[in-house]
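Peer 1: Input: one structure, supplied below.
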C-alpha cells in the first residue's frame with residue numbers, strides 16, 4: 001500500500017472499533033484516522049483521541065462533547081445523531097461502520113450520499129433498509145464491503161466469480177451456547193449462560209443475538225441485499241468449529257468457501273486493505289489440529305424461532321424487517337436488564353409483527369418511523 005488511507009471509524013470504543021484501531025496501530029504508515037465516535041464510553045474515546053489524533057470526534061451526549069473539547073482543543077466535537085452523520089460524511093477513504101443497532105443506518109445512508117466507501121459491520125443498516133441503501137450505493141457508485149465474518153467469506157468466495165450463477169449461499173453459524181437445546185431447556189436459560197459464546201468474543205447485544213440465532217436471521221437478510229439473492233437460496237449451516245466462515249455453491253456444483261481461525265481481525269483487515277490483503281502473522285490455520293475435523297448440522301427453526309421469523313419477515317418485505325429488528329433490539333435490552341426471559345424474545349417479536357401494518361415502496365423516513373413505532377409498541381405490550 002503506497003497511499004495512506006483515511007478511516008472514519010463509527011463506534012470506535014466497541015468490539016469491532018477497538019480491533020480496527022489495533023490494526024491501524026500496527027500499520028501507522030498506511031492508515032490515519034479522520035473521525036472517532038463513541039456511545040457511553042467517553043473515557044476510552046478520550047484515550048483514542050490522544051493516540052490517533054482524529055479531525056473530529058463524536059459523543060452520545062452534548063455534555064460529554066463539551067467535557068472532552070476542554071481537553072482536546074485541536075479536535076472538533078459533535079454529539080448525538082447529527083454528530084454520527086457528520087462523522088460519516090467527513091472526507092475519508094473508508095467509513096468503517098461498527099455501530100451497534102439501528103442507529104447505524106442513517107450514517108451509512110449519508111456516507112453514501114457523500115460518496116464515501118463503506119466497510120459495513122452494522123447488520124441493521126441492510127436488515128431494516130436494504131433496498132434503500134443498496135439503491136443509493138448503486139446510484140452513487142459507492143462500494144459496500146462487508147465486515148461480518150460470514151458476509152466477508154461470501155464476498156471473498158465470489159471474487160473472480162461475479163459472472164457465475166449462484167445456486168446457493170451457505171451461511172455458517174456456530175450454533176451459539178445453546179446448540180442442541182430443546183424448547184423446554186431454552187425456557188430456563190440464564191443471562192450468564194447466554195453471554196458465554198463458545199468461539200467468538202463479541203459485544204453483549206450480538207452475543208445474545210447469537211444465542212437466540214436472530215444474529216443468523218439478520219445475516220440472511222443482509223446477504224440477500226449484499227449479494228442480490230432470494231432468501232430461499234440462502235441456507236444456514238450449523239458449524240460448531242467456526243472454521244468455514246461461509247461458502248457459495250455455484251450452478252455447476254462447485255462450492256467455494258473461506259476458511260480461517262475465529263478472529264474478527266481477518267474480515268476487518270480485509271475490508272480495510274481491499275483490494276489488497278494485509279499481512280497478519282497471528283492468523284494461521286492448523287489443518288492438522290483445530291481444523292482436522294469439521295462438522296455441519298441443520299438448525300431447528302422451531303426451537304430457534306428467530307430464524308423462522310427472520311425468513312418470514314424478509315419474504316413479507318416492506319417495513320416488516322425493520323419492525324422485526326426494532327422489536328429484537330428492545331427485547332434483547334430487556335433481557336440483558338433482567339426484565340424478560342430468553343424465550344420472551346422471539347415470542348414478543350412475533351406478536352409485534354402480527355400487529356404491524358406494513359408500508360411498501362419505502363423511503364428512509366418510512367423505515368425510521370416504523371422502527372420508532374415498533375419500539376414503543378414492544379415496551380407497551382411487555383410492560384402491560
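The values are calculated or read from the model by the stated rules, or taken from the named source; none is laboratory data. Values in this document were obtained by computation on a predicted structure and should not be read as measured data. Note that we place each Cβ from the backbone using ideal geometry, even for glycine, and neighbour counts take in every protein chain shown.
Peer 1: Can you confirm whether the range 115-131 contains a residue that is more than 30 Å from residue 362 (Cα to Cα) and modelled with pLDDT of 95 or more?
Peer 2: no
Peer 1: Okay, next question. Just to check your reading of the model, which residue among 201, 152, 187, 157 is under 20 Å from residue 260 (Cα atoms) and modelled with pLDDT under 95? Spell out how you get there, then give the answer.
Peer 2: Values: 152 fails: modelled with pLDDT under 95; 187 fails: under 20 Å from residue 260 (Cα atoms); 157 fails: modelled with pLDDT under 95.
Testing whether each residue is under 20 Å from residue 260 (Cα atoms) and modelled with pLDDT under 95 leaves just 201.
Peer 1: If I ask for residues that are within 22 Å of residue 207 (Cα to Cα) and in contact with a helix residue (DSSP H, G or I) (Cβ under 6 Å, 6 or more places away or on another chain), which ones from the range 10-36 would you list?
Peer 2: The initial filter retains those residues of the range 10-36 that are within 22 Å of residue 207 (Cα to Cα), namely 10-22.
Within the range 10-36, 10, 11, 12, 13, 19, 20 meet the criteria.
Peer 1: Does residue 195 qualify as being in the same structural domain as residue 304 (by TED's automatic domain parsing), over 21 Å from residue 313 (Cα atoms) and surrounded by fewer than 17 Cβ atoms within 10 Å (Cβ to Cβ)?
Peer 2: In short, yes.
Peer 1: Residue check, residue 199 against (1) touching a residue at least 40 places away in the same chain (Cβ under 8 Å); (2) in a loop (DSSP other than H, G, I, E, B); (3) touching a helix residue (DSSP H, G or I) at 6+ places or on another chain (Cβ under 6 Å), all met but one. Which one?
Peer 2: (3)
Peer 1: Now a separate question. How many of the residues in the range 85-106 are more than 17 Å from residue 126 (Cβ to Cβ) and touching a strand residue (DSSP E or B) at 6+ places or on another chain (Cβ under 6 Å)?
Peer 2: Kept after step one, since they are more than 17 Å from residue 126 (Cβ to Cβ), are these residues of the range 85-106: 85-87, 89-94.
Checking which are touching a strand residue (DSSP E or B) at 6+ places or on another chain (Cβ under 6 Å) leaves us with 86-87, 90, 92-94.
Here the count works out to 6.
Let's see how each residue does on (1) surrounded by fewer than 13 Cβ atoms within 10 Å (Cβ to Cβ); (2) within 17 Å of residue 183 (Cβ to Cβ):
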| site | (1), (2) |
| --- | --- |
| 291 | no, no |
| 296 | yes, no |
| 307 | no, yes |
| 320 | no, no |
| 336 | no, no |
| 350 | no, yes |
| 354 | yes, no |
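So that you can scan it fast, the table gives a plain yes or no per residue for (1) within 30 Å of residue 341 (Cβ to Cβ); (2) touching a strand residue (DSSP E or B) at 6+ places or on another chain (Cβ under 8 Å):
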position: 153; (1), (2): no, yes
position: 174; (1), (2): yes, yes
position: 196; (1), (2): yes, no
position: 209; (1), (2): yes, no
position: 212; (1), (2): yes, no
position: 221; (1), (2): yes, no
position: 232; (1), (2): no, no
position: 236; (1), (2): yes, yes
position: 242; (1), (2): yes, yes
